[in-house]
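The values are calculated or read from the model by the stated rules, or taken from the named source; none is laboratory data. Bear in mind that the values here come from a model prediction, so they are computed numbers and not experimental data. Positions of Cβ are backbone-derived with ideal geometry, glycine not excepted, and every protein chain shown enters the neighbour counts.
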Amino acid sequence: MKFVTDRKRALGMGSGRDGTHHHWQMMVSSIALVVIVPIFVITFMLGYGEGYIDVVSYFSRPVPAILTALSLVIVIRHVMFEALEAVEDYIHGTTGKLVQIAVTGLSYGLIAVGLFALAKLAF
């Protein structure tokens, strides 16, 4: 005896709908963070404590610049997905939608500002 309605059978969705997708997004970004954060910290520490000219020349090289950009994007997207999950759980209705839009806009704005700063530093 199946406890699936005709509508759910037609849509192919269970009761959780898109929870699995969010879970896998978080798992993938968590695994990426486990790898990229220690590499980023080591890379960052190699350029730390130098003068401005030395730091600019260090981040002008492709490996430190790419690792920094990759770290920035992965960390901010991971935090954005976590914040969106919290908003979905605790804030409902129009207010929840507006907060989701604000969180998404702020996150992508931070990514854009970070990448722009890195590009200005690298070039």
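At-a-glance table
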quantity	calculated
Total residues in the range 57-116, condition under 15 Å from the mean Cα position of the chain (by Cα), surrounded by 12 or more Cβ atoms within 10 Å (Cβ to Cβ) and among the β-branched types (Val, Ile, Thr)	9
Selection status of Glu85, outside any helix (DSSP H, G or I) and either of a type in the set (D, E, K, R) or at pLDDT 95 or above (or both)	no
All positions within the range 23-51 that are without any contact (Cβ under 8 Å) to a residue 12 or more places away in the chain, over 20 Å from the mean Cα position of the chain (by Cα) and assigned to a helix (DSSP H, G or I)	Ile42, Met45
